[in-house]
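See below for the structure under consideration.
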Amino acid sequence: MSEHGKVTITKMNYDKDRPKAANPVKVEDLTLRDGHQSLFATRGRTEDMIPVAERMDEVGFWATEMWGGATFDTMHRFLNEDPWERIRTLKKYMKKTPFSMLLRGQNLVGYRNYADDVAAVFVERAAENGMDVFRTFDALNDYRNFETVVPVIKRCGKHFQGCICYSLTEPRMGGEVYNLQYYVAKAKALEDMGADSICIKDMAGLIAPYDAYQVIKALKEAVKPPIHLHSHFTSGMAQMSHLKAIEAGVDIVDTCFSPYAFRTSHPAIEPLVMALLGTDRDTGFDIRLLADIDEVLEKEIVPKYMHLLDTTKLSIIDNAVLLHQTPGGMLSNLVNQLREMDAIDRIDEVFAKLPQVRKDLGQVPLVTPTSQIVGIQTVNNVLFGDYQMITDQVKGLCYGLYGKTPVPIDPEVQKKALKGYARGEEPISCRPAEVIEPELEKAKEDTKGLAKDMDDVLVYALYPVTGKMFLKWKYGQEPPPPEVKPKTLEDVEREKALIAKAKAGKLVEKVEKEAPPKGPGARTFNVYVDDEYYAVDVEEVGGAPVVAAVRPAPAPRPAAPAPAPKAAAPVKESAVPAADGTPVMAPMPGMVISFEKNVGDKIQEGETVVIMEAMKMQNALPAPVSGTVKAINFKTGDKVQKNDVLCVIG
């Protein structure tokens, strides 16, 4: 058995002002980004971060991750918050701790590669708004997708942390693709690019403790930048992997405060602090300060988000990760999509097909956006037949728009995906952004009279449909819907009270009965109950009087005239064709991105008629017949349900 490193035991000291350890482990806190993204669907609001921000600033974290990843999308789409404002606001409360963001390389904070002009300005604006550390990764570990953003990070004088997405094709590290040599080679490439630190980004909690030791030890010997380990708790191995990585000499690890830790999130900071006391790797953190912050989070913040926590099972680990090497977030997305499509009974078929689809598409690491690309294509294959409905993102992957896959894509799948593809049927081999036209000037033009500054323009450039919707909310051109409003602790207490009543059997379901038309003989009586009274209509129908209606009444009033008979419930217009012809129906719930044709346009069978977004992936729906577009029942940005008639071709 190979020799493993050890920490040095020192004199035990519990004082918060104890002497600094010889080689303290540095810690990045992820509570304000990956913590709530992993547990609470990224719904954490800025107002709920402020109560703990100043105390978090006193802990001594190497950095706090509070932006990037899915936050940009979720904030403007679901929370009616300006993503840029979060950086500026929290910077007022956290003046000592560097801010870190998750940057998806040329994907920025979206789900596709953006043009170079948008990428460069986005990084500039993030730095100007207060970002310090740019944790930068590419879903394919293709570092050509760093070539635009890294020079801007450096020019702005910020910290470039290069990531290696950790992935497996076997239960443990090894095999022909993701072996130790692969990770060492990637680390050397990042060092050559000028990385200030290098992060092993284990997004699914796949790294086993002894594999973590091997990887960290090998990287420490091969490159000079500090090594950082980011490992989700999903499989249950992350805390063990942390300790073995620390023995191997890792410089920085990621944790969350305990209310935001475990499950699909990250290990908690508190046990790590206690475990390293009395060693040369002591963090130096004050455990009492951490406990004070925990109490605020637990009592004042987390209750607002508990309804978003997955409580469908008792276990806090997901053994599917150990069996299928599938990230927890990807699993939940698959389950949600199948449930929305009334096909949850086919989940086992999806799991069975997933490895083959991943292999077909080049054994890509399963991280945003490739996890969504592989997952949703697998669902489509199960429900509609193998590659009968190919998402726009799969076509882009096959074309080379995301970069070079670890192994070649299956040539037959690639050929089928690129048949009739708008950019061309031959895949590219150059840096992906070289074939993407500049986008910034068009975004400026499209938002004239709406965007007030470059930050607004970038919201639209990254998310044209939902971004424009948010800007209209922001500037009062349209009212925001009720569902984007925050939940208060009072709301939580009311919900708890209702649940308690229901459990006690005190909530009785009202039986709806349709009342007959009121006859001319109805008489109104006032009925007093304590301090309230009600107007009760009584009508004698072939015998003793019967109560026809009871309602609260502010004052006595004459009997109302007989109501008209109830009309039949209206038929949902989108559920039936609005014109004669062949309907194009939504195959799944989602949002309309665009119609490629207008009413009156000619269209050929197989030609794209509408683009739908489902689970953040776009699906181009083909015309089932040739003809003329007779009717379009929705507009860009509308949400649709399965089997809604999107348009009619006659």
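If the chain linking Glu483 and Gln641 were pulled fully straight, counting 0.36 nm for each residue of separation and taking away their Cα-Cα distance, it would gain 55.1 nm. Basic side chains Lys and Arg get +1 at the Cβ, acidic Asp and Glu get -1 at the Cβ, and with that the dipole of the chain about its Cα centre reaches some 120 debye. Net length available on complete extension from Val407 to Tyr528 is 35.6 nm, with 0.36 nm assigned per residue and the Cα-Cα distance removed.
A dipole drawn for the chain from +1 and -1 charges on Cβ atoms has a positive end, and of Ile216, Thr283, Leu206 the residue lying farthest that way is Thr283. For the range 373-390, the residues whose backbone nitrogen is under 20 Å from a point 7 Å from the Cα of Asp348, taken along Cα to Cβ, are 378-385. Reported to the nearest whole Å, the Cα centre-to-centre distance from the range 303-353 to the range 598-650 is 30.
What order do you get for 119-126, 493-500, 518-525, 283-290 when each peptide is scored by the mean count of other beta carbon atoms within 10 Å, highest first?
Highest-to-lowest ranking by the protection proxy: 119-126, 283-290, 518-525, 493-500.
Would you work out the charge dipole size for the range 191-343 about its Cα centre, treating the Cβ of every Lys and Arg as +1 and the Cβ of every Asp and Glu as -1, and quote it to the nearest 20 debye?
On the way: 12 positive and 22 negative charges, 67 e Å.
My answer is approximately 320 debye.
Couplings for the range 15-24, taken from phi via the Karplus curve 6.51 cos²θ - 1.76 cosθ + 1.60 with θ = phi - 60°, read 5, 5, 9, 4, x, 5, 5, 5, 9, x Hz in order; Gly and Pro are left as x.
Taking the Cα centre of the range 312-393 as reference, the dipole from Cβ charges on Lys and Arg (+1) and Asp and Glu (-1) amounts to some 220 debye. Projecting the Cα atoms of Gly249, Ser235, Asn633 onto the charge dipole of the chain, computed from C-beta unit charges around the Cα centre, puts Gly249 farthest toward the positive end. The share of C-alpha pairs in the range 385-524 whose separation exceeds 28 Å stands at 61 percent.
Averaged over residues, the count of other Cβ atoms within 10 Å places the peptides 644-650, 529-535, 136-142 in the sequence 136-142, 644-650, 529-535, highest first. Per-residue ellipticity at 222 nm, computed for the chain from helices alone with -39500 (n - 2.57) per DSSP H run of at least four residues, works out to -9500 deg cm²/dmol. Sorting the segments 24-30, 465-471 by their residues' average number of neighbouring beta-carbon atoms within 10 angstrom, most packed first, yields 24-30, 465-471. Please work out whether the chain counts as rounded, prolate or oblate from its C-alpha gyration tensor, where a ≥ b ≥ c are the square roots of the eigenvalues and a/c under 1.5 means rounded, while otherwise a/b larger than b/c means prolate and anything else oblate? It comes out oblate by the Cα gyration axes. Here's the picture: charge each Lys and Arg Cβ at +1 and each Asp and Glu Cβ at -1 in the range 263-374, and of Val350, Pro327, Val367 the one pushed furthest to the positive end of that dipole is Val350. Taking θ as phi - 60° and the Karplus parameters 6.51, -1.76 and 1.60, the scalar couplings of the range 399-406 work out to 6, x, 5, 9, x, 8, 6, x Hz in sequence order, x denoting glycine and proline.
Out of residues 5 or more away from Leu102 or on other chains, whose amide H comes under 5 Å of its own, with H placed 1.01 Å from N in the peptide plane? Residues meeting the criterion, in which the H sits 1.01 Å from N, are Trp67, Gly68, Gly69.
Multiply the residue gap between His307 and Glu426 by 0.36 nm, knock off their C-alpha separation, and tell me the result in nm, one decimal place. Walk me through the numbers before you get to the answer.
On the way: separation 119, 0.36 × 119 = 42.84 nm, distance 4.73 nm.
Contour length minus the Cα-Cα distance gives 38.1 nm.
Ordered from largest to smallest accessible area (heavy atoms of protein chains, 1.4 Å probe), the residues Ile216, Ile632 come out as Ile632, Ile216.
The values are calculated or read from the model by the stated rules, or taken from the named source; none is laboratory data. Here the structure is a predicted model, which means the values were calculated and not measured. Every residue, glycine as well, gets a Cβ built from its backbone with ideal geometry; the counts of neighbours run over all protein chains shown. When the accessible area is computed, the model is the full protein with side chains, heavy atoms only, and any ligands, DNA or RNA have been set aside. Shrake-Rupley method; radii C 1.70, N 1.55, O 1.52, S 1.80 Å.
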